[in-house]
Amino acid sequence: MNDFDDSLIQFADFLPRAIPRDNDRWRRGWVVRSERPVSADTDMMNLSKELERRAQEKLRQRLAENLGVVLKEKDCPTVEAIRVDSRHIILWIETENPQTSGGLTLDGPVEVLYAFDEMLGVEELQGMPKRYWIFFVT
């Protein structure tokens, strides 16, 4: 049996399973352990909306600068944040179907996770320390 080495986890290795929705969107549940505590009185709906807003802003900016493309509303990720305890949050991130999204299916969740990291800090993602997730160190 091999010990886990310090190589970076490839994104797909621990990607949560995509759950198809009936509106041609896909939903993935990300389990995040935050660096800073999230109190029981935190308004999770407002946290969800702020994560969406930040992710959409970054996606819009990147697409406009790099491709000269305007982000369509249907391509924007939506977020439902659920507090499990003071350090664990489930982020249900819904994106466009990968076959119809033009490649934004993983960009949306990554931007949401970056936004979470900016706001509360990501200590672990899917049970693995942040330092092993390639998109956090590139």
Of everything in the stretch 73-90, what is acidic (Asp, Glu) and under 17 Å from Leu113 (Cα atoms)? Give them in sequence order.
Asp75, Glu80
Which condition does Leu71 not pass, out of (1) more than 15 Å from the chain's Cα centre (by Cα); (2) not in a loop (DSSP other than H, G, I, E, B), if it passes all the others?
(2)
Exactly one condition in (1) more than 14 Å from Thr95 (Cα to Cα); (2) in contact (Cβ under 8 Å) with a residue 12 or more places away in the chain; (3) part of a helix (DSSP H, G or I) is not met by Ala64; state its number.
(2)
Step by step: first the residues of the stretch 43-81, then only those that are surrounded by fewer than 14 Cβ atoms within 10 Å (Cβ to Cβ) and among the β-branched types (Val, Ile, Thr), then the one that is modelled with the lowest pLDDT. Which residue is that?
Val69
Note down all Cβ pairs under 7 Å where the first residue falls in the stretch 25-42 and is under 15 Å from Ile90 (Cβ atoms), the second is outside any strand (DSSP E or B) and among the aromatic types (Phe, Trp, Tyr), and they're at least six residues apart or on different chains.
Val32/Phe116
Mind checking which residues of the stretch 1-33 are at pLDDT 80 or above and in a strand (DSSP E or B)?
Ile19, Pro20, Arg25, Trp26, Arg27, Arg28, Gly29, Trp30, Val31, Val32, Arg33
Hits in the stretch 22-42 (condition: surrounded by 12 or more Cβ atoms within 10 Å (Cβ to Cβ) and more than 17 Å from the chain's Cα centre (by Cα))
Asp24, Val38, Thr42
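Answer with yes or no whether Arg36 is in a loop (DSSP other than H, G, I, E, B) and in contact with a Leu (Cβ under 9 Å, 6 or more places away or on another chain).
For Arg36, the condition - in a loop (DSSP other than H, G, I, E, B) and in contact with a Leu (Cβ under 9 Å, 6 or more places away or on another chain) - is met.
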Is at least one residue of the stretch 87-98 surrounded by fewer than 20 Cβ atoms within 10 Å (Cβ to Cβ), part of a loop (DSSP other than H, G, I, E, B) and free of Cβ contacts under 8 Å to residues at least 24 places away in the same chain?
no
Considering only the stretch 86-101, I want to know if a residue exists there that is at pLDDT 95 or above and among the charged types (D, E, K, R).
yes
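The values are calculated or read from the model by the stated rules, or taken from the named source; none is laboratory data. The shown structure was predicted, so the numbers you read here are calculated from the model rather than taken from an experiment. A quick note on method: Cβ atoms are made from the backbone with ideal geometry, for glycine too, and the neighbour counts reach across all protein chains shown.
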